[in-house]
Amino acid sequence: MFFYKTLINWYLKKNRDLPWRKTKSPYEIWLSEIMLQQTRVAQGLPYFLKFTEAFPTVFDLANAEESEVLKLWQGLGYYSRARNLHFTAKYVANELNGVFPNSYKGLLKLKGVGDYTASAIASICFDEPAAVVDGNVYRVLSRFYGIDTPINSTEGIKQFKELAQSIIQEEEPGRYNQAIMDFGALHCKPKSPLCNECPLASNCVALEQEKVSELPVKIKKIKVKKRYFNYVVVITEDETTLFSERKGKGIWQGLYQFPLIETTESISANELVKQEEFVSLIPNDAAISLFNKDEIIHKLSHQHLVTKFWVVRVSQIKGDAIKWSEIEQFPTSVLISNFLKDYTNTNSQNLYI
DNA sequence: AAAACGGGGGT
DNA sequence: ACCCCAGTTTT
């Protein structure tokens with residue numbers, strides 16, 4: 001109870017003024033929670049404003065084209081969130097008359113809504129005492145209670161959820177959930193937490209045992225792969241190009257891109273023109289130049305994409321072309337978005353063979 | 001149980 | 001470089 005009350009009191013003084021805290025509307029809370037999954041508040045905030053303006057209600061979102069949703073989501077990452085968001089909006093609008101489920105259990109069934117998000121919406125919108133466990137909660141609980149079970153182990157996930165659930169009260173569960181998350185984000189930070197002015201210091205096990213910097217424990221296991229991307233930027237005399245949707249599994253599903261030739265290592269122009277995919281795409285009269293002198297290393301969590309943009313000028317095109325002037329309407333990755341920006345600002349003289 | 005899934009910011 | 005972020009889904 002000390003823990004619970006202290007966090008709520010801290011929150012009443014120090015909470016962040018955020019737009020989704022002005023409402024209990026499940027639509028807006030849901031929208032904000034999906035956007036903030038694995039995403040910093042500062043990064044998600046402008047997207048929340050864009051989305052609520054473009055889609056004031058769940059019906060507006062449901063009636064949008066998926067590509068329109070992805071375009072607004074562009075740059076936020078984890079694009080399956082946007083596709084699931086749209087799917088769930090259509091489900092709620094069409095099957096549930098626009099009314100979101102009003103319980104943790106019901107919310108959990110929605111696509112893109114897991115344990116954290118169901119708890120957040122249920123507690124904030126419906127005052128259900130369902131405890132959220134996000135990265136902040138893991139950190140605050142592991143330190144305050146001195147728990148060194150790895151937070152990303154099966155056992156740790158179960159243990160911390162049970163502990164969090166045992167703490168939450170019937171009284172103001174939504175406010176408490178937001179309090180412990182804000183406290184983790186602003187006060188009990190990963191590096192340099194403010195222990196010398198902490199309202200929980202008197203009972204914090206990690207502080208007492210000088211283990212603050214060691215907690216929480218996390219098993220690290222990500223291994224980064226290198227991949228070699230060659231984007232073929234075909235440009236015809238009448239300013240059209242090839243730009244199509246990325247199908248199948250893997251990164252950037254549903255986003256648009258130039259024809260992509262992936263190789264096992266970095267290649268030259270001479271090697272590029274020998275690639276089967278290139279031959280089938282490009283006529284013999286093509287003029288090929290390399291746009292970026294240095295390889296672009298686009299860094300994702302699990303892979304580094306070593307990328308070359310090949311500008312290929314041709315008289316005519318084989319596949320389905322789009323007008324270059326309309327390319328910005330399509331949702332695309334930050335990697336390609338950055339290229340388009342650079343390309344527009346660069347004279348074609350600066351190309352490298 | 002582990003891997004995949006983005007991008008940005010802090011140290 | 002490495003870690004972390006209002007996690008969820010797929011393999």
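The values are calculated or read from the model by the stated rules, or taken from the named source; none is laboratory data. Please read these numbers as outputs of a predicted model, since none were measured by experiment. Neighbour counts run over all protein chains shown; Cβ positions are idealised from the backbone, glycine included. In case anyone asks, the SASA skips ligands and DNA or RNA and just uses the protein heavy atoms, side chains included. Shrake-Rupley method; radii C 1.70, N 1.55, O 1.52, S 1.80 Å.
Details
- Chain A: antiparallel DSSP beta bridges as a percent of all, rounded to 5: 55 percent
- Hull-based mean projected area of segment A:150-189, where the convex hull spans the alpha carbons, in square nanometres: 3.2 nm²
- Accessible surface of segment A:24-107, 1.4 Å probe, proportion on carbon and sulfur as whole %: 50 percent
- Distance histogram in 10 Å bins (all Cα pairs of chain A, percent per bin): 5, 21, 25, 21, 16, 10, 3, 0
- Entry note, chain A: relative contact order of 16 percent, from Cα contacts under 8 Å with a spacing of 6+ residues.
- Mean projection of the Cα convex hull over all viewing directions, computed for segment A:53-201: 10.5 nm².
- Projecting the Cα atoms of A:15, A:41, A:261 onto the charge dipole of chain A, computed from C-beta unit charges around the Cα centre, puts A:15 farthest toward the positive end.
- Accessible area in square angstrom per residue, segment A:120-279, 1.4 angstrom probe: 52 Å²
- Computed E for residue A:237/residue A:268 - FRET, C-beta separation, R0 25 angstrom, nearest 0.05: 0.45
- Evaluated at q = 0.16, 0.23 Å⁻¹: base-10 log I(q)/I(0), Debye formula over Cα of segment A:10-118: -0.70, -1.44
- For chain A, the longest principal axis of the C-alpha atoms and the axis of helix A:115-126 are separated by about 60°.
- Acute angle (nearest 10 degrees) that the helix A:41-54 long axis makes with the longest principal axis of chain A, alpha-carbon atoms: 70 degrees
- Cross-link pairs exceeding 27 Å in C-alpha to C-alpha distance, out of A:158/A:220; A:247/A:274; A:221/A:293; A:71/A:308; A:5/A:191; A:109/A:226, comprise A:221/A:293; A:109/A:226.
- Scattering profile of segment A:225-350 at q = 0.12, 0.16, 0.19 Å⁻¹ [log10 I(q)/I(0), Debye over alpha-carbon scatterers]: -0.43, -0.80, -1.18
- Residue A:240 sits among other residues whose Cβ lies under 11 Å from its own Cβ, and their net charge, with Lys and Arg +1 and Asp and Glu -1, is -4.
- Using alpha-carbon coordinates, inclination of helix A:26-35 to the longest axis of chain A, degrees: 60 degrees
- Percent carbon-and-sulfur accessible area, segment A:172-275, ignoring ligands, DNA and RNA, probe 1.4 Å: 48 percent
- Cut-off under 5 Å, modelled amide H: who pairs with residue A:235 long-range: A:312, A:313, A:314
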